[in-house]
Amino acid sequence: SRALADAGARVETRTLRIELVEDMALARGLGLADSAFIAVDRMRSLADTGRAISIERSRLPFLPELEDLPLRGLRDGSLHETMRAAGLVPDHGEEWADIHRLGAADAALLGYDEGTAFLRTRRLARAADGRPIEHVVSLLDPAHFALHLEF
């Protein structure tokens, strides 16, 4: 979203949900004993047309620093600022990218045809001590997003 703003696009973010969820598969995949996560799902749209361009599904391990997040919401509308205020600062992580065809539910939510190809990224952010602090899956309209890596 920052790159879009830098390019002059006005993007609006709508929070779809902030709630406590159980996800045993994700907990196992991250090596966590507790399967409780805070789900933060958001959708971004172009302000001038209202056209949806992405959906982001973040899962934060249920930690004491975030236990009131479902009640109070995001700090200044930003998940990044919310995490930073709780002392959860990403230090390192991994990210994967692939092409994903939208299923019926995501297509309806985003306003695209079922089967439309989207860029899907999956990111795992870890704190300096190695513990997972955010797992996010994003579906991005490739007409508005690209992947750039430096090494």
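Taking every C-alpha pair closer than 8 Å and separated by at least 6 residues, the mean separation divided by the residue count of region 37-96 gives a relative contact order of 25 percent. Here's how it looks for Phe62: its modeled amide H is under 5 Å from those of Ala36, Phe37, Ile38, which are all 5 or more places away or on a different chain.
Overall, the accessible surface of the chain at a probe of 1.4 angstrom is composed of carbon and sulfur to the extent of 50 percent. In the chain the longest region clear of GluC sites (Glu not before Pro) that are loop-assigned by DSSP and have at most 13 other C-beta atoms within 10 Å covers 1-66. If you sort Phe118, Phe151, Phe145 by accessible surface, 1.4 Å probe, largest first, the order is Phe151, Phe145, Phe118.
Rolling a 1.4 Å probe over the heavy atoms of the protein chains gives the chain an accessible area of 58 Å² per residue.
Restricting region 69-151 to trypsin sites (Lys or Arg not before Pro) that sit in a DSSP loop and have at most 12 other Cβ atoms within 10 Å of their own Cβ leaves nothing.
The values are calculated or read from the model by the stated rules, or taken from the named source; none is laboratory data. Not measured: the values here are computed from a predicted model. Glycine gets a Cβ as well: all are built from the backbone with ideal geometry, and neighbour counts include every protein chain shown. Protein only, heavy atoms only, side chains kept; ligands, DNA and RNA dropped before computing areas. Shrake-Rupley method; radii C 1.70, N 1.55, O 1.52, S 1.80 Å.
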